[in-house]
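A.B. asks: Just passing along the structure, written as structure tokens.
The values are calculated or read from the model by the stated rules, or taken from the named source; none is laboratory data. Remember, predicted model here, so these are calculated numbers, not experimental data. Every residue, glycine among them, receives a Cβ derived from its backbone with ideal geometry; neighbour counts consider all protein chains shown.
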Amino acid sequence: MRHTLAAAALLLAGTAHAAGPACATPEQARAIAGLYATKPHKQTFMAAAELKVPESVIASGLPAGMAVGVAGSEFQKVWAALQEWELATTLLRQGGHVFEVVSRIPAGKMSDRPGSKFFNLEHSTALNGHLRPDQVGAIYAVKLEGGEGPLRAVLFLDEAGQSAFGVFTGEGGNQPPAVAAQFDRTWALLKTLAPACPQG
């Protein structure tokens with residue numbers, strides 16, 4: 001029997017983490033674990049839409065080994081780690097549209113203009129832009145089993161716990177072999193940084 005209705009009831013009863021994006025309560029985590037007990041796994045934004053909760057609740061409630069989350073204040077450390085990947089797919093969803101950019105992750109630095117809060121990306125790859133680290137509430141690395149194979153990503157969520165953008169290793173058989181090991185190093189780094197949700 002599908003877990004959707006029971007999960008939704010528990011999720012809607014949860015409370016937000018006052019210091020940042022909403023974190024799953026123990027009851028929510030149990031409901032999410034039930035939802036992800038069978039494969040293929042849904043991407044976190046899909047589960048969030050189905051259960052009508054912020055994506056941060058889904059990501060923070062995934063079973064051990066499926067996700068590790070850190071505070072948005074760790075943005076620059078995480079971004080530096082992503083630059084080590086051989087190749088990445090940066091995904092942005094906006095207004096029902098999905099944009100994908102396949103390239104290496106460029107270096108960047110905070111703007112030196114007075115009052116600016118932009119983190120400016122170098123024009124060294126196909127991925128260019130101006131990011132706002134101060135508006136990143138949490139960052140999650142996730143390991144899921146999608147319909148086409150392994151799905152590995154680092155998700156940047158805003159202060160409301162919704163997706164800002166994600167950096168993926170690819171999907172299924174389209175992942176360069178070296179990137180799996182590079183993702184694992186990024187995962188290990190996140191485990192040493194300030195957590196997105198209270199521990200214990």
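A.B. asks: If I filter segment 1-58 down to residues being modelled with pLDDT under 50 and under 17 Å from Cys197 (Cα atoms), which single residue comes out as surrounded by the most Cβ atoms within 10 Å (Cβ to Cβ)? Show your work before the answer.
C.D. replies: At the first step, the residues of segment 1-58 found to be modelled with pLDDT under 50 are 1-18.
Among the residues that remain, those that are also under 17 Å from Cys197 (Cα atoms) are: 11, 14-18.
Details: Leu11: 25, Gly14: 20, Thr15: 9, Ala16: 15, His17: 20, Ala18: 8.
By that ranking, first place goes to Leu11.
A.B. asks: A further question follows. Is it true that some residue in segment 85-99 is in contact with a strand residue (DSSP E or B) (Cβ under 7 Å, 6 or more places away or on another chain), among the hydroxyl-bearing types (Ser, Thr, Tyr) and within 13 Å of Val179 (Cβ to Cβ)?
C.D. replies: Looking for residues that are in contact with a strand residue (DSSP E or B) (Cβ under 7 Å, 6 or more places away or on another chain), among the hydroxyl-bearing types (Ser, Thr, Tyr) and within 13 Å of Val179 (Cβ to Cβ), one finds at least one in segment 85-99, hence yes.
A.B. asks: May I ask you to say which residue of Gly129, Gly146, Gly115 is without any contact (Cβ under 8 Å) to a residue 24 or more places away in the chain and within 22 Å of Phe45 (Cβ to Cβ)?
C.D. replies: Selected residue: Gly129, the only one of Gly129, Gly146, Gly115 that is without any contact (Cβ under 8 Å) to a residue 24 or more places away in the chain and within 22 Å of Phe45 (Cβ to Cβ).
A.B. asks: I want to confirm something. Restricting to segment 144-155 and keeping residues that are modelled with pLDDT of 95 or more and farther than 20 Å from Leu51 by Cα, which single residue is nearest to the chain's Cα centre (by Cα)?
C.D. replies: Only one residue fits best here, namely Val154.
A.B. asks: Next question. Residue under question is Gln83, and the condition is that it be of a type in the set (S, T, N, Q) and under 18 Å from Asp184 (Cβ atoms); does it hold?
C.D. replies: Yes, satisfied.
A.B. asks: While we're on this one: Of everything in segment 147-179 that's of a type in the set (Gly, Ala, Ser) and more than 18 Å from Val98 (Cα to Cα), which residue is surrounded by the fewest Cβ atoms within 10 Å (Cβ to Cβ)? Steps first, answer last, please.
C.D. replies: Going through segment 147-179, the residues of a type in the set (Gly, Ala, Ser) turn out to be 147, 149, 153, 160-161, 163-164, 166, 170, 172-173, 178.
Filter once more, so that each one left must be more than 18 Å from Val98 (Cα to Cα): 147, 149, 160-161, 172-173, 178.
Values: Gly147: 11, Gly149: 13, Ala160: 15, Gly161: 24, Gly172: 12, Gly173: 8, Ala178: 13.
Among those residues, the one meeting the criterion is Gly173.
A.B. asks: Still on this model: If you check Pro106 against the conditions, is it more than 23 Å from Thr192 (Cβ to Cβ) and either in contact (Cβ under 8 Å) with a residue 24 or more places away in the chain or more than 19 Å from the chain's Cα centre (by Cα) (or both)?
C.D. replies: On the way: more than 23 Å from Thr192 (Cβ to Cβ): yes; either in contact (Cβ under 8 Å) with a residue 24 or more places away in the chain or more than 19 Å from the chain's Cα centre (by Cα) (or both): no.
In short, no.
A.B. asks: Residue by residue through segment 68-102, note down the ones that are of a type in the set (A, V, I, L, M, F, W, C) and part of a strand (DSSP E or B). Spell out how you get there, then give the answer.
C.D. replies: Start the filter on segment 68-102 by keeping residues that are of a type in the set (A, V, I, L, M, F, W, C), which leaves 68, 70-71, 75, 78-82, 85, 87-88, 91-92, 98-99, 101-102.
The answer is Val68, Val70, Ala71, Ala88, Leu91, Leu92, Val98, Phe99, Val101, Val102.
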